[in-house]
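Trainee: Take this structure first; my questions come after.
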Amino acid sequence: MTIADLLATQELQPITPNPSAALRLLEKAHSNLSAAQIVANAAPDAALTLAYDAARQAITGLMRAQGYRSRERGAHVIAIKYAREALGADHAQMIDSLDNLRRKRHSSEYGDVFSSEQESAWALGLAERVIAAVAEHIDHGEMP
């Protein structure tokens with residue numbers, strides 16, 4: 001699904017690009033990732049959730065930098081769709097993994113599925129890669 005498709009279905013809304021908001025969201029992503037690293041062994045579910053939130057916040061930062069926001073309903077899924085297009089084919093496998101993490105986090109938060117230390121470690125590594133990819137796009141002003 002292209003950015004144009006997301007706009008046409010009103011999953012994305014155009015807004016004025018806001019680079020300072022993008023940077024604040026990247027800082028928040030880094031803070032959540034740091035918190036996830038601290039609690040990873042003692043609370044794997046919390047670490048997994050924080051890692052996912054960090055990656056999602058970075059993607060939201062990219063949206064702000066490029067002049068978009070998602071509608072509220074389905075915002076997590078929309079963020080994945082947006083990231084798939086905005087970050088491009090080079091990052092497709094990473095975004096597929098992030099979508100898997102989104103589903104795992106949902107099951108952990110709202111179901112009776114629990115995360116292991118290995119899963120939280122995987123989530124931390126994935127979040128680091130997503131944040132780095134987003135930061136590179138923001139730094140280079142890359143547009144989808």
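The values are calculated or read from the model by the stated rules, or taken from the named source; none is laboratory data. Since the model is a prediction, treat every value here as computed from it, not as a measurement. Heads up, the Cβs are rebuilt from the backbone with ideal geometry, glycines too, and the neighbour counts pull from every protein chain shown.
Trainee: Tell me yes or no: at least one residue of segment 104-112 is closer than 18 Å to Ala47 by Cα and outside any helix (DSSP H, G or I).
Mentor: If we filter segment 104-112 for residues that are closer than 18 Å to Ala47 by Cα, which is where we start, we get 104-112.
Adding the requirement that they be outside any helix (DSSP H, G or I) leaves 111-112.
Among the residues of segment 104-112, at least one is closer than 18 Å to Ala47 by Cα and outside any helix (DSSP H, G or I), which makes the answer yes.
Trainee: Report the residue count in segment 35-53 for those that are touching a residue at least 12 places away in the same chain (Cβ under 8 Å) and outside any helix (DSSP H, G or I). First the steps, then the outcome.
Mentor: Going residue by residue through segment 35-53, those that are touching a residue at least 12 places away in the same chain (Cβ under 8 Å) are 35-37, 40-41, 44-45, 47-53.
Right, trim to outside any helix (DSSP H, G or I) and you get 40-41.
Counting residues in segment 35-53 that are touching a residue at least 12 places away in the same chain (Cβ under 8 Å) and outside any helix (DSSP H, G or I) gives 2.
Trainee: Take the residues of segment 77-96 that are surrounded by fewer than 16 Cβ atoms within 10 Å (Cβ to Cβ) and part of a helix (DSSP H, G or I): which is nearest to the chain's Cα centre (by Cα)?
Mentor: Filtering segment 77-96 for residues surrounded by fewer than 16 Cβ atoms within 10 Å (Cβ to Cβ) gives 77, 88-90, 92-93, 96.
This time we only want the ones that are part of a helix (DSSP H, G or I), so: 77, 89-90, 92-93, 96.
Details: Val77: 10, Ala89: 16, Asp90: 16, Ala92: 13, Gln93: 14, Asp96: 12 Å.
Selected residue: Val77.
A quick yes/no check of all residues on (1) in a helix (DSSP H, G or I); (2) small (Gly, Ala, Ser); (3) surrounded by 24 or more Cβ atoms within 10 Å (Cβ to Cβ); (4) without any contact (Cβ under 8 Å) to a residue 40 or more places away in the chain:
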site: Ala55; (1), (2), (3), (4): yes, yes, yes, no
site: Ile59; (1), (2), (3), (4): yes, no, yes, no
site: Arg64; (1), (2), (3), (4): yes, no, no, no
site: Glu72; (1), (2), (3), (4): no, no, no, yes
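Trainee: Only residues that are of a type in the set (Gly, Ala, Ser), surrounded by fewer than 17 Cβ atoms within 10 Å (Cβ to Cβ) and either modelled with pLDDT under 95 or within 14 Å of Gln37 (Cβ to Cβ) (or both): list them for segment 97-144, please. Quick ask: steps written out before the conclusion?
Mentor: Our first condition is that a residue be of a type in the set (Gly, Ala, Ser); within segment 97-144, this holds for 97, 107-108, 111, 115-116, 120-121, 123, 125, 127, 132-133, 135, 141.
When the remaining residues are screened for being surrounded by fewer than 17 Cβ atoms within 10 Å (Cβ to Cβ), the result is 107, 111, 116, 125, 132, 141.
Hits for segment 97-144 are Ser107, Gly111, Ser116, Gly125, Gly141.
Trainee: Next up: For the list (1) among the hydrophobic types (A, V, I, L, M, F, W, C); (2) out of contact with any Leu (no Cβ under 8 Å at 6 or more places or on another chain); (3) more than 20 Å from Ala21 (Cβ to Cβ); (4) surrounded by 14 or more Cβ atoms within 10 Å (Cβ to Cβ), I need the number of the one condition that Ala47 fails.
Mentor: (2)
Trainee: Working carefully through the options Gly74, Gly67, find the one that is modelled with pLDDT of 95 or more and on the phi > 0 side of the Ramachandran plot. Working first, answer last.
Mentor: Working: Gly74 fails: modelled with pLDDT of 95 or more.
Testing whether each residue is modelled with pLDDT of 95 or more and on the phi > 0 side of the Ramachandran plot leaves just Gly67.
Trainee: Among the residues of segment 110-135, what is the count of those that are within 16 Å of Ala54 (Cα to Cα) and not small (Gly, Ala, Ser)? If you could, list the steps in order and put the result at the bottom.
Mentor: Just the residues of segment 110-135 that are within 16 Å of Ala54 (Cα to Cα), to begin with: 119-135.
Now drop any that are not not small (Gly, Ala, Ser), which leaves 119, 122, 124, 126, 128-131, 134.
Qualifying residue count, segment 110-135: 9.
Trainee: May I pose another question? Scan segment 1-34 for residues that are of a type in the set (S, T, N, Q), surrounded by 13 or more Cβ atoms within 10 Å (Cβ to Cβ) and not in a helix (DSSP H, G or I) and jot them down.
Mentor: Of the residues in segment 1-34, the ones of a type in the set (S, T, N, Q) are 2, 9-10, 13, 16, 18, 20, 31-32, 34.
Still in the running and surrounded by 13 or more Cβ atoms within 10 Å (Cβ to Cβ): 13, 18, 31-32.
Gln13, Asn18, listed by residue number.
Trainee: Output the residue which, of all residues in segment 1-31 that are of a type in the set (S, T, N, Q) and in contact (Cβ under 8 Å) with a residue 60 or more places away in the chain, is farthest from Glu72 (Cα to Cα). Steps first, answer last, please.
Mentor: At the first step, the residues of segment 1-31 found to be of a type in the set (S, T, N, Q) are 2, 9-10, 13, 16, 18, 20, 31.
Going one step further and asking which of them are in contact (Cβ under 8 Å) with a residue 60 or more places away in the chain, we end up with 2, 10.
Working: Thr2: 19, Gln10: 11 Å.
Among those residues, the one meeting the criterion is Thr2.
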